[in-house]
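One structure is given here, and the rest of the page talks about it.
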Amino acid sequence: MKKKIVDRLRQRYAGDQSPLDEDMISSLGEQPPELMRTSDEAYEALEHVHESRVWEAVRQERDMYQQIHKWSYSSGLRLIKRVYTTLAVLTCGGIILFLLWTVNMLPPFGNPNNPDNNEVAARYIEQGPEETGAVNMVAGMILDYRAFDTFGETTVLFVAACSVLFLLKLNDHKDGKPTSAWLEAEYDDRHHEPKNDQILQFAARLLVPIILLFGFYVIMNGHISPGGGFSGGAIMGAGLILYLNAFGFQKTERFFTYNTFRWITFGSLITYAGLKSYSFYTGANHLGSGISTGTPGALLSAGFILPLNICVGLVVMCTMYTFYTLIRKGGI
Amino acid sequence: MQLVQNVPFFSIMLSMIAAFVSPMLGRRAAKWLSVGLAGAVVCLHIWFLPFMAGFEGSYTYMMGHYPAPWGNELRAGLLEAVVALALSAVMLLSELSGMNKLQRQIDPQKQVFFYVMCDLVLAGMLALIYTNDLFTAYVFIEILALSSCALMMARQVGHTMVASMRYMIMSLLGSGLILIAICLTYNLTGHLLMENIHDVIAVYARDGEYALPITVIIGLFIAGIAIKCGVFPFHMWLPDAYGYSTSAASAVLSSVVSKSYFFLLVKIFYRVIGIDVIMSDMALNLMLVLGVLSMILGSIGAIRCLDIRRMVAYSSVSQIGYLFAWVGLGSTIGVAAAMFHLVVHALCKSMLFLSVSPLCDASGDSKRFEDLRGAGYRYVIPGLAFSIGAMSLVGIPILGGFFSKIFFAEAALFGTRWIRVALLASLALSTLLNAFYFMHTVLTLYRKPKDNFVFQPFQKSRLTTATLSAFGIINLFIGFFAKDIIRFITTGIENLA
Amino acid sequence: MNGLLESLWTHFDVTVAILLFGIGFTTLLLHQNLIKKIIGLNIMDTAVFLFLTTQGFITDRSAPILKEGAEAAAGYVNPIPSGLVLTGIVVSVSVTAVMLSLTIRLFRRYHTLEIDSMTLMMKGEGD
């Protein structure tokens, strides 16, 4: 069996474009360390193979383990580690006790005379609905009074999506041919994820439209009832993830690709930035805002809050879905 | 309100919009957008600085239609304008100099994301400098943390990923402490805008209420920001992180990111807690001790390095120690000296990181000192730039670092007896240690190469050479403007509260 | 000591929050396994959100959605901490996602989840 694997690998990396054998790949995933230690022939045969990340990492790992094995048994290092751990534990314990001691000097729980129930909260509650037009005072606060913080928060989501794309997105085509990394990822995905599971598909067919509709409702009613862009976006993202799990990548990629993600995120963020820049500029320069707040309680009211909720909801939905697909397969 | 007063708002929003647009563009367009953005911010601040020099005090800029304490605010003063100009100039020059190296080292399909992160670091830096609201500061601290982590792991080799994981862990510990401090502050005062918190804390300090919680809040802010800046003993991630990432990223990280956190700390001291409450508090001694330890142990760490980039990174630990120790002194003159050193060090350290990379290329891609012998003759401009930067940090007269050491010594004279002795002694010892390893390196650059050295032809880049010469000229002549800069900074600090 | 314990019982909400914060902080700092560190980070952040949310609460008042007829500020809890927690949750999720993807890349590269082993391997490799 081992010789067969070695020969097939040699053939493959010598330029043979025959498709990867499923048995071979799965046994590669489980066997390499033993293969390396027992079969010198295999090791020599693969010495010249530099393409395979698995082999290189395993080889290095073996060398490093030998080094670590030699090193970690020196008593000096163990003593230092012990001292460091003790000090760190004591420091953490000290911090916790100190914070506990401090915290019981704070104002008591649930007391209406606390310092933080002051004129700031009073204005948000009393004049919030008429100044911002939002019945949900928290939505009015985060999307109108303190909109810059929410802008920063949406940017944090964007940075996270870009970082995860940076790290995990695989280059799928090189010179027109699919790269080996992409093929391996597709193989892993098909091998480990459920395929055409009847129960899941039946449940998804029922639930996904309801979930998406509910998420849409939560976003649109963010200024009237509890909810808003973040919660609604998370709900819609969850709906998309369920759809992907039930029906697989091929069906989902019909309507949601990397380009879709890019355009939706770009559009929403630019709209948010544009609307809020107008608001900040007119506010700071003491010009009137010119946007009416409508009647509180109606769907189309609250000035910019409804469009901002929609933008935020779209960004959150795309980002949640992107996190899931990148971690699962390395590509949207 | 005049048009020029909108500059802080314009710079922040321009940076963020550029970051949003960049993923839609190709590699080249994103690159020039990023450089163009940094250039635009520098030009806006060159327009803004003379206005602020003539303006009395500082002004607030409402972000929205609601004044403090109900809406967000920015606040701009002379000190903020000076620091923002310096740091955005560093950003522009770093991006230009490091561009060739990063084009070679980063996967072409992912380079767009690198430029997005550079734009966001610029936005985060400007927001931390200008914000008047604690919670906005926290959100932008997180933006900076995530984008600096991404800058660090841009190269995507094993070293950078381990280094960036360790950086993220320490950075998140720091953010957690800062967040708890903000929550405690809100609990005690009920406000998030800095001046309002100051009023309430002044009342508490006068009546003696909540004395221990206020001390704990100050301690948590100091600890959180110290962890994020990388002072001793939280510096373990620094040498790997700055040493292995691409040169533009190291320059930006060491000069822009940690300085923004430090500036926020000084702003919190002056504007949130109030300098009188701070000075009578024990928590400042913590800063002093951490600063002195960093100064000495950072330099000792640098001496032990065999690798030039790690040496420059350890030197960063030492220099951030200077900043912490002199703010820990607790006087306006100490803070002014620290701010001056912040500006000089930002300009200097980024130039060091950027000139090390071409010198290593000229020595066959090796970072070790034995291979760098004679590199100053092989590639003249980076060698000169490194020498100017090294001499400035050591404190050779006429250069910027000399004036910062004079200001430090002056400020140290105004402390109590033990503090004066400790600070002057550590200043002297640290200068001696700095001279040891920096002069050793400068001399190595101009020594005869090893006998078995094989000259390998390398590619010289005109962009890098031109930008490093501009950088070198700025560092050479900043000493001549030291008096004006320190005058601006002192006026700015008076208006900081 | 008794007074301290009683005071902790009256402030039981922030006490629990600080204990959880301490657990999360310690886990993030001291555990070697990366996944446990990420779990510690999440516990720490959740503890801070608990701390913030309980500050907004006022006994016998309702959620900050306008009800007909009750307009005065005396009918509602403080809306500000809820808004801050919203922001905090999004930040926490983003940071967890980035840490998890870094963990995936590191595992693919070093085939281990212990940060100390990874550091040793990294130093052993040279540059």
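The values are calculated or read from the model by the stated rules, or taken from the named source; none is laboratory data. If you're wondering where the values come from, they're calculated on a predicted model, not measured in any experiment. When we count neighbours, we look across all protein chains shown, and the Cβ atoms used for this are built from the backbone with ideal geometry, even at glycine.
Given C:I18, C:I43, which one is surrounded by 16 or more Cβ atoms within 10 Å (Cβ to Cβ), more than 10 Å from chain A (Cβ to nearest Cβ) and either under 11 Å from the mean Cα position of the chain (by Cα) or under 30 Å from A:F151 (Cα atoms) (or both)?
C:I43
Pairs, please: C-beta under 7 Å, at least 6 apart or cross-chain, first residue in contact (Cβ under 8 Å) with a residue 60 or more places away in the chain and polar (S, T, N, Q) and in region B:447-462, second assigned to a loop (DSSP other than H, G, I, E, B) and surrounded by 11 or more Cβ atoms within 10 Å (Cβ to Cβ)?
B:Q456/B:G364
Among the residues of region A:238-265, count how many are aromatic (F, W, Y) and closer than 21 Å to A:K195 by Cβ.
Here the count works out to 5.
Go through (1) of a type in the set (D, E, K, R); (2) away from chain A (no Cβ under 11 Å); (3) closer than 20 Å to B:L265 by Cα for B:R166 and report which single condition fails.
Going through (1) of a type in the set (D, E, K, R); (2) away from chain A (no Cβ under 11 Å); (3) closer than 20 Å to B:L265 by Cα one by one, B:R166 breaks only (3).
Those residues that are more than 27 Å from B:N187 (Cβ to Cβ), within 11 Å of chain A (Cβ to nearest Cβ) and part of a helix (DSSP H, G or I), I need them from region C:27-40; list them, please.
C:L30
Does any residue of region B:129-140 turn out to be buried (at least 24 other Cβ atoms within 10 Å of the Cβ), over 30 Å from A:G140 (Cβ atoms) and of a type in the set (A, V, I, L, M)?
no
Run B:D276 past the list (1) surrounded by fewer than 22 Cβ atoms within 10 Å (Cβ to Cβ); (2) closer than 19 Å to B:M152 by Cβ; (3) of a type in the set (D, E, K, R) and report the number of the one that doesn't hold.
It fails just one condition, (2).
Here is a yes/no grid of residues against (1) facing another protein chain (nearest Cβ under 10 Å); (2) of a type in the set (V, I, T); (3) free of Cβ contacts under 8 Å to residues at least 12 places away in the same chain; (4) over 30 Å from A:R190 (Cα atoms):
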position: A:R254; (1), (2), (3), (4): no, no, yes, no
position: A:S268; (1), (2), (3), (4): yes, no, no, yes
position: A:K276; (1), (2), (3), (4): yes, no, no, yes
position: A:S279; (1), (2), (3), (4): yes, no, no, yes
position: A:G297; (1), (2), (3), (4): yes, no, no, yes
position: A:N309; (1), (2), (3), (4): no, no, no, yes
position: A:V312; (1), (2), (3), (4): yes, yes, no, yes
position: A:T322; (1), (2), (3), (4): yes, yes, no, no
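Only one residue in A:D144, A:D116 is part of a loop (DSSP other than H, G, I, E, B) and facing chain B (nearest Cβ under 8 Å), so which one is that?
Answer to the selection: A:D116.
Determine whether B:V454 is hydrophobic (A, V, I, L, M, F, W, C), closer than 21 Å to B:E370 by Cα and not in a helix (DSSP H, G or I).
yes
Give region B:127-141 a look and list any residue that's under 16 Å from the mean Cα position of the chain (by Cα) and at the interface with chain A (Cβ under 7 Å from one of its Cβ atoms), or say none.
Residue satisfying the conditions is B:F140 alone.
Here are the criteria: (1) of a type outside the set (S, T, Y); (2) more than 7 Å from chain C (Cβ to nearest Cβ); (3) part of a helix (DSSP H, G or I). Tell me which single one A:D149 does not satisfy.
(2)
Can you name the residue in region B:195-217 that is closer than 17 Å to B:L264 by Cβ and surrounded by 23 or more Cβ atoms within 10 Å (Cβ to Cβ) and is also nearest to the other protein chains (Cβ to nearest Cβ) among such residues?
Filtering first and then ranking leaves B:I217.
Residues that are more than 7 Å from every other protein chain (Cβ to nearest Cβ), out of contact with any helix residue (DSSP H, G or I) (no Cβ under 9 Å at 6 or more places or on another chain), under 29 Å from B:V216 (Cβ atoms) and modelled with pLDDT under 85: does region A:72-88 have at least one?
yes
Could you run through region B:346-387 and say how many residues are under 25 Å from B:C229 (Cα atoms) and in contact with a Gly (Cβ under 8 Å, 6 or more places away or on another chain)?
The number of residues fulfilling the criteria is 9.
Considering region B:149-163 alone, what residues qualify as being in contact (Cβ under 8 Å) with a residue 24 or more places away in the chain and over 18 Å from the mean Cα position of the chain (by Cα)?
Once the filter is applied, which keeps residues that are in contact (Cβ under 8 Å) with a residue 24 or more places away in the chain and over 18 Å from the mean Cα position of the chain (by Cα), region B:149-163 yields B:M153, B:A154, B:R155, B:Q156, B:V157, B:H159, B:T160, B:V162, B:A163.
How do the pairs read when you match residues in region B:200-229 that are in contact (Cβ under 8 Å) with a residue 60 or more places away in the chain with residues anywhere that are of a type in the set (K, R), using Cβ under 9 Å and keeping only pairs 6 or more apart or on different chains?
Close Cβ pairs satisfying both conditions: B:C229/B:K259.
When region A:282-295 is examined, which residues are found to be among the small types (G, A, S) and more than 14 Å from chain B (Cβ to nearest Cβ)?
Matches in region A:282-295: A:G294 only.
Might you check whether a residue that is within 11 Å of chain A (Cβ to nearest Cβ) and either assigned to a helix (DSSP H, G or I) or closer than 15 Å to B:M125 by Cβ (or both) occurs anywhere in region B:60-74?
The answer is yes; a qualifying residue exists.
Please find, within region A:92-105, the residue that is farthest from B:M170 (Cα to Cα) out of those that are surrounded by fewer than 14 Cβ atoms within 10 Å (Cβ to Cβ) and at the interface with chain C (Cβ under 9 Å from one of its Cβ atoms).
Restricting to residues being surrounded by fewer than 14 Cβ atoms within 10 Å (Cβ to Cβ) and at the interface with chain C (Cβ under 9 Å from one of its Cβ atoms), the top hit is A:L97.
Counting just the residues of region A:119-141 that are within 7 Å of another protein chain (Cβ to nearest Cβ) and among the aliphatic types (A, V, I, L, M), which one comes out farthest from B:Q111 (Cα to Cα)?
Per the criteria, the residue is A:A122.
Provide a single number: the residues in region A:152-171 that are part of a helix (DSSP H, G or I) and either more than 10 Å from chain C (Cβ to nearest Cβ) or within 30 Å of B:M63 (Cα to Cα) (or both).
12
How many of the residues in region B:86-106 are of a type in the set (V, I, T) and either modelled with pLDDT of 90 or more or in a helix (DSSP H, G or I) (or both)?
Within region B:86-106, residues that are of a type in the set (V, I, T) and either modelled with pLDDT of 90 or more or in a helix (DSSP H, G or I) (or both) number 1.
Within the group C:S82, C:S62, which residue is more than 10 Å from chain A (Cβ to nearest Cβ) and surrounded by fewer than 23 Cβ atoms within 10 Å (Cβ to Cβ)?
Just a single option satisfies the conditions, and that option is C:S62.
For region A:286-295, does any single residue satisfy the condition of being in a helix (DSSP H, G or I) and in contact with a Ser or Thr (Cβ under 8 Å, 6 or more places away or on another chain)?
No, every residue in region A:286-295 fails to be in a helix (DSSP H, G or I) and in contact with a Ser or Thr (Cβ under 8 Å, 6 or more places away or on another chain).
Being at the interface with chain A (Cβ under 7 Å from one of its Cβ atoms) and at pLDDT 85 or above is the filter here; which residues of region C:70-79 pass it?
C:Y76, C:N78, C:P79
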